Structure formats: structure tokens, C-alpha cells
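Notes to accompany the following structure.
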Amino acid sequence: MTDVQNRCGEGPDPFEGLVLRRLDEIRQALRCAETGPPPPGTLAGTDVEVVTGAPAIAERYAALQRSARREILALSAGPAVAVPAAANSGQREAMRAGVRYRVVYERDTLTHSDTPPLLEHWASLGEEMRVAFGLPLKVVLVDRARALVVPLVDDEREGAPGKDDEPTATVLRSRPLIDALGWIFDRVWDSALPVPVALAAAVDGPLTAEDRRLLTLLLNGYTDQAIGSQLGVSERTVQRRVRRLLALAGVRSRLQLGWHAARHHWL
């Protein structure tokens, strides 16, 4: 068990702060690598490799997949930067060699018409997959020893790359950063939706009219029994529907469900 995993037992808040600091270090390391040698106190140059341009990123990604011996973990957020999923021959070769793949996909990608067939294809080859809302980053972890991180492009963010800018990626080997990224992946994976549930939500929309009414009553402080009376269903049915909403949101508590509903404009 790593030091990071041991820290998890101390409570979520201190470690969540650590993860945020590590993600800040990733961004700082990328900026420093682009502008010159890293200043004192930042990550060593051997721990960070900046790769620029889609062809170079594709080559580095392929090399990382070839180097895998046990598992590859990925958070797949945003559009493909260098290697479209359908053209990822490196994954096919690695899986044939016995490498385990676990991938969490951003839910918004399920609205693309070509996504469900691709997911079926990768599942048929043995990929384990789940779907989550609002992935924090795009990352590939290789044997929990190396990571490829691709910044998410946000056109509204100050300093975001323009359409004509070359994409960049960062290869990380720093043990603290790898442990932090592994912790993030594990938490996202544990709360993510099974693909069939997510695909159904993508087709039908995340909420039905009854879901919205239930959620409105829930957020207004009604008990399960009172909600059941309002909807004309049993308390057990209310609890089952709440569990479905928690699964759709990828959260564990009703308080988190309220935050998610507000953030994603469910009401």
C-alpha cells in the first residue's frame, strides 16, 4: 500500500487538498517546461516530459501502451487530441498481450452517434468501462508508474489554446503525482455509472418529468414518506428512484445530488 493510500484513511478533506495541490503542480510543471528550467522547489525535469503536436503525442501514447505490463487506467474527457478511439491499434495490441484496461468516459461523449458502437467494440475485446459526469482531466495511467496528461481545452478560460495552437501533453513519472492521479481515478471509477445505464440516460435524457418532480420535492426537504404521498407511490419506490438519481449523477449522498442537480441544470 502506498503512502497516499495510507493517507486515505485519515479522512477525505486533507487528501482532497493534496490532490488539488498536485494538480496545480502538474499545471505549473507544464508552464515551466514551456518557458525554461523549473524554478527551485518545483518538480525535477526528469519527472516531467512535455510533448507538443498531435503526431508526437500519438507516438508517445503508443510507446506508453507498448510498455504496459499489467494495466492501463484512463479518464477519457473531451475530444480526441492525437489518436481517435477507432484508430487506437496500440490498445488492441496491449489487450491481446494481456494488459487490463479500465476506462471512464465523459457522459457528454455518449451523445455522439459513433460512440455506442465503439464502446461495444472495446467491450467485446475485454475493456472494462464506466461513464461519469464532469471528468476533471484527460489522463492515461500505465501500471500506476507513468501517466500521460492532456489538458482539457476550455475556450472560455483565459489563456486557453486557440484552434490553430498545437496540442500539448505531459508525461509524468513523479511518484507523488502518480499516486494522486491514481487516487482520483479510483474515486471516479467507484462512483461512475455502468455503461448500459449511461447509454439509456443519453438516449432518454437524464431525467423524466417524474424524476424532476421527485427531485424538486427532495430538495425542498420533503421526507420519503411525504414524497410518496405526493407522487402516489410507496416509500420504497421513492427510495429506489432516489438511488437511480444518485447513480445517474455519479454521487453517493442526497446532498451531493442537490449540488449536481444545480450544476447540471436538472431543474
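The values are calculated or read from the model by the stated rules, or taken from the named source; none is laboratory data. Note that the structure is predicted; figures quoted are calculated from it, not measured. Quick reminder, even Gly has a Cβ in these numbers, built from the backbone with ideal geometry, and neighbours come from all protein chains shown. Heavy atoms of the whole protein, side chains included, go into the accessibility calculation; ligands, DNA and RNA do not. Shrake-Rupley method; radii C 1.70, N 1.55, O 1.52, S 1.80 Å.
A few remarks follow.
- Check on Arg102, open to solvent by less than 60 Å² (accessible area, probe 1.4 Å), of a type outside the set (Gly, Ala, Ser), within 22 Å of Arg252 (Cβ to Cβ) and at pLDDT 75 or above: yes
- Considering only residues in the range 248-267 that are part of a helix (DSSP H, G or I) and open to solvent by 40 Å² or more (accessible area, probe 1.4 Å), the one that is nearest to Arg107 (Cα to Cα) turns out to be Arg263.
- Residue check for Ala192: out of contact with any strand residue (DSSP E or B) (no Cβ under 8 Å at 6 or more places or on another chain), open to solvent by less than 60 Å² (accessible area, probe 1.4 Å) and either within 30 Å of Ala58 (Cα to Cα) or at pLDDT 90 or above (or both): no
- Within the range 213-235, no residue that is under 14 Å from Trp259 (Cα atoms) sits with its Cβ atom under 8 Å from a residue that is polar (S, T, N, Q) and not in a helix (DSSP H, G or I) at 6+ positions apart or across chains.
- Residue list for the range 44-62, restricted to those being of a type in the set (A, V, I, L, M, F, W, C) and either closer than 24 Å to Asp165 by Cβ or in a strand (DSSP E or B) (or both): Val48, Val50, Val51, Ala54, Ala56, Ile57, Ala58, Ala62
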